[in-house]
1. Roughly how many whole Å is it from the C-alpha centroid of region 40-74 to that of region 240-304?
2. Taking a cut-off of 28 Å between Cα atoms, list the lysines near Lys213, but don't count ones fewer than 8 places away on the same chain.
3. To make sure I understand the rule: partners must be lysines, Cα under 20 Å from the Cα of Lys155, and not fewer than 8 residues away in the same chain. Which ones qualify?
4. Just rank Met343, Met510, Met597, fewest to most, by other beta-carbon atoms within 10 angstrom.
5. Check which residues have an amide H placed less than 5 Å from Trp84's amide H, if you skip close sequence neighbours.
6. How would you rank Val172, Val562, Val96, Val178, going from fewest to most other Cβ atoms within 10 Å of each one's own Cβ?
7. Determine the distance separating the Cα centre of region 115-190 from the Cα centre of region 526-564; give it in Å without decimals.
8. Using R₀ = 30 Å, calculate the FRET efficiency as 1/(1 + (r/R₀)^6) where r is the Cβ-Cβ separation of His516 and Asp607; round to 0.05.
Amino acid sequence: MKQFIVHYFFIVVLSLLSQISTAEITQSINAQCAVQIHSIRTVKTSSATVLPQQGWQSVDLPDQWQKRWKNYDGAAWYKIQWSWSCQNKAKLTEPVAFLIDYINSTGAVYLNGDLLWKNKNLQEPLSKSWNVPRYWILPLAALKPENNEILIYVKGNAFQSPGLGRIFFNDVQTIYDVYQKKIWERRTLFQINIILSITFGVICLVIWLLRPKETAFGWFALSSMLWVMFISNVLTTETFPFPTSLMAAQFNLVFFVLYIISFCIYLLRFIQKHLAKVESVAYFVTGLAIVGIFITPEAQIYLIFALIFLIYVSLFFLTSFYISYHAIRSRRIDYIFLSICLMGILFFTLFDLFLLSTYTGTDNGPLSPYTAPIITFFLVMILGTRLSHNIKKVEAFNAQLEVKIQQVSEDLSSSLNEKHQLELENVKLQERIHLSHDLHDGLGASLVRSMILVDQSAHNISNKQFLSMLKLLRDDLRQIIDSGSSADNKIPVSPILWVAPVRHRFSQLMDELDIHSKWIFPSEWQAVPNALQCLTLIRVLEESLTNIIKHSQAKHVKISMVYITENQFILNIEDDGIGFDAECVAQQGLSIGMRSMNMRLQRMGADFKLSSEPGCTIIQAIVQLKLPKLTID
């Protein structure tokens, strides 16, 4: 809360002040000349142009007619009779300057019957002159040598404590200096405070919009805007935009009430407190207070408004004491600085109240207008320190997070390296398994075939034939070595060309063993397998034919390839041998060749089927091919 509240309610507090007598009727103009004030009188009036002849009463200034005329809403004339004189027959060679401390609320000034000045609005909505000191230079030609008269017309409402402030006569320079001092205290300092409040409020509002979790900034911005609306009453000289003086006073008190509530909530949020029940009660009471401000009868406004004002000042005092108590307990530096600022506000507020309550007519003004901008600045600095502290905490957290991320990245990298090593080992193991299968299916089949040729030969094998057998074994070995890059091998243009090498090798062998073979393959691909599928199926075919030659004792073998659908075909190997227990072989894994065929087909996504009985053994490889994607131009 800004201490300007006390200064703003200077007029209200004047009702508590002791009256200042005009016993000091002489006011010096220079070393030789002075003004003597003979009398100051006042009277009620109903006209701003007609001067009553009766009912005049002597008064002392400053004067508030609420003490004399209870609940009087209207106008009054003040008559000041004075003269000037010089000692030692000196002559007055300079004009006399005249200053009025304030007129509450609106009025006009006449010198010896001539109008010097008047407010813009002498009727509702009344102009405001209680916040503006005024002075005039009275030329010697307009002054009478013995008796001069200043008439001051004043109009106001009872709830505004209407009346007239102190008056001063002196030389022009002295009066001007007094005027400038009062303008500085009553207007310039308030303008500075409003500018600071708007600036700090906008900054805090932007910070809150960018960081909604920083609610203290939002509440401070709201309180700053409400303070600006409240304290602007000190600077405005008209009631615009309000149609009456009463409505302007009502809204101004509403701004003050809302300011106190929002500022107290800001203080609580600053120390990170959410007193839900207390705040709910405060909101409810504030709602009732606002309603009461607008429905209070005009005769009771002075009392009710002062009561509401004191209640919310007390609320601020209680909040300040609570903040100080919490600061002492927590021992946090920012809380302690905030508590010091609040105690400064309370000290200067109480000091100004004491100064006004013991007012003796001196020029000692309140300290609040001077200290408020400084304390406001420190409040914002404390709030900025809080933001800086929070940002540093975020930066420290980000630094810790970066370290953790780096550590996790290193752990993840280590895990990936371990996984990569395991994958390499697994690949090596798979390659070994593939190599063993290829050796078994390819080179093994060629060895068995060669062994059978040697064993079944009725005469010695010639060197040329033996060399041919070795070259065949060499070619099979090369094929196994090159199979790792089988994905890059060329695919035969037709199924017949694809199976031709195997058919040539095994047909010769089966002819020698008196085994009749039948090969049925389509003349072209409907859906073309890839190189790896072609090689796998060749290995399956070689392993199947090798087993037939070694174990089946078959006389007839049928090898066929049939497309079931456009992208699915079956490689079928059938013989009329003695057969075997297919279920036992599948469950116990007794045949390396069978396991090899099954694993190869599974890796390429094909199905392996086996059925066997005496006289009929069938091995099937069911292959699903991917159709090429169609493109539409």
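None of the figures in this text is laboratory data; all of them are computed from the coordinates on show. Keep in mind that what you see is a predicted model, and the values were worked out from it rather than measured. FYI the Cβ positions are ideal-geometry reconstructions off the backbone, even for glycines, and counts take in every protein chain you see.
1. Rounded to whole Å, the Cα centres lie 34 Å apart.
2. Lys2, Lys273, Lys277, Lys392, Lys393, Lys404
3. Candidates past the 8-residue exclusion: Lys44, Lys67, Lys70, Lys79, Lys118, Lys120, Lys128.
4. Fewest-to-most Cβ neighbours within 10 Å comes out as Met343, Met510, Met597.
5. Excluding prolines and chain starts, which carry no amide H, the hits are Gln36.
6. So the residues, fewest neighbours to most, are Val562, Val172, Val178, Val96.
7. Region 115-190 and region 526-564 have Cα centres spaced 122 Å from each other.
8. 0.60
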